Amino acid sequence: MGPDTEKSNVGGSPPRTGLACKELTAGRFVTVSANKHTADRSLTDAIWQIMACNEGHVLLKFLGPGQPLDPSRIRRLVPLNEHDFYDAGELATSIEPVSGPCATIVRIRD
């Protein structure tokens, strides 16, 4: 094994690094890995559309499934060095549009 090659713990295959920076283009649908430096997994359970990208960050827009609990988190600015991005084109076409509100009022208190 050469100095530039690192094996993962599972099956001896090299670790997955996701899409290359040049593949992160506006309009592409992606899934996002957990944060490499912290335990933050807040981006991992959704499909995102890339809105814009520069050398250090990607601006993502929430696609689904469902709706985010916090509507202010529909768009997220994500550092490239903290996450890996994976193609989600086929997954994105499988998401059904959400109709109706994300919450229902059960009872209004006086």
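The values are calculated or read from the model by the stated rules, or taken from the named source; none is laboratory data. This is a predicted model, so every value here is computed, not measured. Positions of Cβ are backbone-derived with ideal geometry, glycine not excepted, and every protein chain shown enters the neighbour counts. In case anyone asks, the SASA skips ligands and DNA or RNA and just uses the protein heavy atoms, side chains included. Shrake-Rupley method; radii C 1.70, N 1.55, O 1.52, S 1.80 Å.
So which residues in region 37-82 are of a type in the set (Gly, Ala, Ser) and in contact with a Pro (Cβ under 9 Å, 6 or more places away or on another chain)? Answer for region 37-82, where residues must be of a type in the set (Gly, Ala, Ser) and in contact with a Pro (Cβ under 9 Å, 6 or more places away or on another chain): ALA46, GLY56, GLY64.
Taken together, the residues in region 40-55 that are open to solvent by less than 50 Å² (accessible area, probe 1.4 Å), among the small types (Gly, Ala, Ser) and part of a loop (DSSP other than H, G, I, E, B) amount to 1.
Has region 74-88 got at least one residue that is small (Gly, Ala, Ser) and more than 12 Å from the chain's Cα centre (by Cα)? Looking through region 74-88, none of the residues is small (Gly, Ala, Ser) and more than 12 Å from the chain's Cα centre (by Cα).
Within region 14-39, track down each residue that is open to solvent by 60 Å² or more (accessible area, probe 1.4 Å), outside any helix (DSSP H, G or I) and either modelled with pLDDT under 90 or among the polar types (S, T, N, Q) (or both). Across region 14-39, the qualifying residues are PRO14, PRO15, ARG16, THR17, THR25, THR38. Scanning region 64-97 for residues that are among the charged types (D, E, K, R), in a loop (DSSP other than H, G, I, E, B) and in contact with a Phe, Trp or Tyr (Cβ under 9 Å, 6 or more places away or on another chain) yields a total of 0.
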